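A.B. asks: Got a structure for you, questions after.
The values are calculated or read from the model by the stated rules, or taken from the named source; none is laboratory data. None of the values given here were measured: they were computed from a predicted structure. Note that we place each Cβ from the backbone using ideal geometry, even for glycine, and neighbour counts take in every protein chain shown.
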Amino acid sequence: MILAYEFEYISKNLVLENFLKVISEEFGARYKICKNDNITTLYISENEEKQHAFADYLSSNLPISIFLKSSNVKAVKDIKCKELDFASATIALPFSKSAIEIVKNKKSFFYKSPFISNEITSSKINQKVSLSLKSEKGIMVANNSQGYENIYKTIAKLIKKGQKIKIKTPNGYFAFFNVQKDAFKNLKKFEILPTDISLVQKMVNIRENEIQALLSVEKPIIRAKVNMIYEALEILPTNRIKIRMPNIPLLYFICKELYENGIEFLAKSDTLIECSYDLNYDLNVPKIPDIEVSILENGEIFVLSNSGYNAKSFENGLEKFKEPSIRQFASILKERKLFDAKTSCFYFSTKFDDSIMYHDTQKGILPLTKFPISSTLGKLFDEIRKEDDTGAKLIENYKKTYPKIFKSALRVKIPTKLSNNLFNTLRFASIIIGLSDNFKKAADALIEKAEDFGGQKGVRIDFGLVDNEKIYSDFNFRRLLRSLISFKLAGTDYETLSFGIIENFSYFISDMADSHKEVLGSDKIALGGSIFGYPLITQLVAKNLLANHKIYFNQELPIDFI
C-alpha cells in the first residue's frame, strides 16, 4: 500500500523536506520524497496498520511552518517521480516541538538545557552548557539540570521584582524585564514575549491564523495592535507592538517560570539600558535568523524581513539590479516564474524610491511612474500658492484656520535627503493635518488612525498622475495634499482623513492596473515594497484589484528585498 502525502510548501529552503526525512526515518517507514515546484510529496510504502500508525506519528511530530499552505493525503498505485536529492538544512532554526519535548524530559541528557539543536540542523549541540548569572553580589554558575533550573527560577524572581536582566542569546545581548509602568523610558525599540501562548489576546487584538504563526517553527515577529483594555492600563509607550514567542529553550524556560510566578509578559530590548544582572554562557551557538511577517485575514503571509530563512537560489542574479524597485520586481518575476508574462508592478517602499513598472517580454522591465516629492513643507506650500489663485487661497485659509498646525508644520525637522515615495507623502500629510510633529513617526501615526477608522468609506482624496492621459507620467504629489488640506478645512476628523488617503491609494492602484491592462496588455499584477507590510493597505489594495487582475507577491523573499 502506498500513500502520498502532498504538501504545498512555498519555500525552497528544504526545511519541510528535511523534517519529513527525519520523521520517516525515526519511525522506520519506507519512504521517498519528491518535489515539483511548490508541491512536496512524501510517499510511504507500508501495510495498512503501519500506515495508520505513521499518519498519527507524522501529525504529532511535523511542526507548523508559515510557508506550509496546505496538505492532503491520497492512495496511489505507484511512485512515478524522481527522488529529491537534498543536503541537510543549514538553517539554525528555533526549537521544534520534538526538540522542546527532549529538554522537558527528566530522563534526557538535555533536561532543562538552555540550548538544543533542532533535529534537522546540521550543526549539532552535543554537550552540556555552562550558564553564569553575574551581579555585584557574586556569580551563580550552572552546568547541570538542577543548576539550570535554579538559574531560571532566580531570574524569574528577579524580573518579578522589577530587575532588568542582560541575557546573551545566539543573536547578541538583550535586556529583558517585566512589562510594567515606567519600564519603557527612553526605549524606542522593543519586543514583547508572552510567557504563555494563552495570554496573547490579553494584550493585543490578534486572529487565530496569527496565533498559529507565532507557534510555528520559524517563531516569527508579528506587529499587533494593543487592545483597548490593555491600552487603558497605560503601561506600554505605544499602541502598536511587535510580539513573538521564545525561540530558544533558555527563554522558553525563563518564560515558563515567569508564568508560574504570575508574570504574563516579558519585554526584550537591544537598547543599552542599565541591568543589575548578566546571564552568559560558554557555548558557541549559531545565530538564529529573525523573520518578521504580516498576515492578512485570508491567511496570506507576507515576509517583511527574512535574514537567512530563504533559499539562496532566489537571490542569485538579483544583485545586478541596482535600483531597489527594479530588483524587487525582478525577484517577484523570478519567484513566480513570470519572465514570459506581461506584468505590471507597483512598488511602494517605506525606505526607497517608489516606482510603477511594466515587464515587456521583449524589452524587459520598464519604469513608467515615479513619485517625486517636495524637499520641505515650506517649499510645498509655496508651490501650491504659485499653481493658481485657488491654491493661494487654500494655503491662506489653512494658515488662518489652523495657525498652530501651520507654524508647527514649518518647524518640523525634515531630513535633507528624502526618498521619493508615498510613505514620505504620508508623512507630509500627517504633519499637515496636525496628527504628528515628528517626521519619522508621522506616517505610522496616519496609518494607525486609518486602522482605527470605524466607518465604511473615507473622503475622496485626489490621487492621480501629472498627466492622467499618459502611461509615462509622474505621480501628482501636490494634488493629493491640496485635496487633503481642503478636507481638513471642511472639518473632517483624523480617522476619516487618514482612511480616505489609504482607501483612495487602493483605488489609484486599481485604476492604474486597469489602464495597464487596456493599453499594455498586462494580465498580471505584481505588488512589492514594505508599505504592503501594513495589512490594512494590502487588504484594501487586494480587494480592489482581485475583481479584474491576478495578484503576485513574493513568496519567501521579503517584500522589500535588499
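A.B. asks: Inspect region 239-252 for any residue being among the aromatic types (Phe, Trp, Tyr) and either touching a Phe, Trp or Tyr at 6+ places or on another chain (Cβ under 6 Å) or free of Cβ contacts under 8 Å to residues at least 60 places away in the same chain (or both) and give the result as yes or no.
C.D. replies: No, every residue in region 239-252 fails to be among the aromatic types (Phe, Trp, Tyr) and either touching a Phe, Trp or Tyr at 6+ places or on another chain (Cβ under 6 Å) or free of Cβ contacts under 8 Å to residues at least 60 places away in the same chain (or both).
A.B. asks: Here's another thing I want to ask about it. From the list Ser276, Ser313, Ser307, which one is of a type in the set (Ser, Thr, Tyr), over 18 Å from Lys242 (Cβ atoms) and modelled with pLDDT under 85?
C.D. replies: Selected residue: Ser313, the only one of Ser276, Ser313, Ser307 that is of a type in the set (Ser, Thr, Tyr), over 18 Å from Lys242 (Cβ atoms) and modelled with pLDDT under 85.
A.B. asks: Separate question: When region 352-371 is examined, which residues are found to be assigned to a loop (DSSP other than H, G, I, E, B) and either modelled with pLDDT under 95 or on the phi > 0 side of the Ramachandran plot (or both)?
C.D. replies: Thr361, Gln362, Lys363
A.B. asks: Would you check if there is a residue in region 74-88 being of a type in the set (Ser, Thr, Tyr) and free of Cβ contacts under 8 Å to residues at least 24 places away in the same chain? Walk me through it before giving the result.
C.D. replies: Taking region 74-88 first, the residues of a type in the set (Ser, Thr, Tyr) are 88.
From the residues that got through so far, the ones that are free of Cβ contacts under 8 Å to residues at least 24 places away in the same chain too are none.
No.
A.B. asks: Considering every residue within region 280-289, establish whether at least one is surrounded by 14 or more Cβ atoms within 10 Å (Cβ to Cβ), among the acidic types (Asp, Glu), closer than 19 Å to Phe174 by Cβ and touching a strand residue (DSSP E or B) at 6+ places or on another chain (Cβ under 9 Å).
C.D. replies: Checking region 280-289: not a single residue is surrounded by 14 or more Cβ atoms within 10 Å (Cβ to Cβ), among the acidic types (Asp, Glu), closer than 19 Å to Phe174 by Cβ and touching a strand residue (DSSP E or B) at 6+ places or on another chain (Cβ under 9 Å).
A.B. asks: Yes or no: region 179-187 includes at least one residue that is surrounded by 14 or more Cβ atoms within 10 Å (Cβ to Cβ), more than 26 Å from Ser216 (Cβ to Cβ) and among the aromatic types (Phe, Trp, Tyr).
C.D. replies: The answer is yes; a qualifying residue exists.
A.B. asks: Would you mind listing the strands (runs of 3 or more DSSP E) fully within region 120-220 where at least 1 residues are among the charged types (D, E, K, R) and under 19 Å from the mean Cα position of the chain (by Cα)?
C.D. replies: 191-194
A.B. asks: Closer than 19 Å to Ala156 by Cα, surrounded by 20 or more Cβ atoms within 10 Å (Cβ to Cβ) and acidic (Asp, Glu) - does that describe any residue in region 192-210?
C.D. replies: No.
A.B. asks: I've got another one for you. Residues of region 503-559 being closer than 26 Å to Tyr9 by Cα and among the aromatic types (Phe, Trp, Tyr), which ones?
C.D. replies: Across region 503-559, the qualifying residues are Phe532, Tyr534, Tyr552, Phe553.
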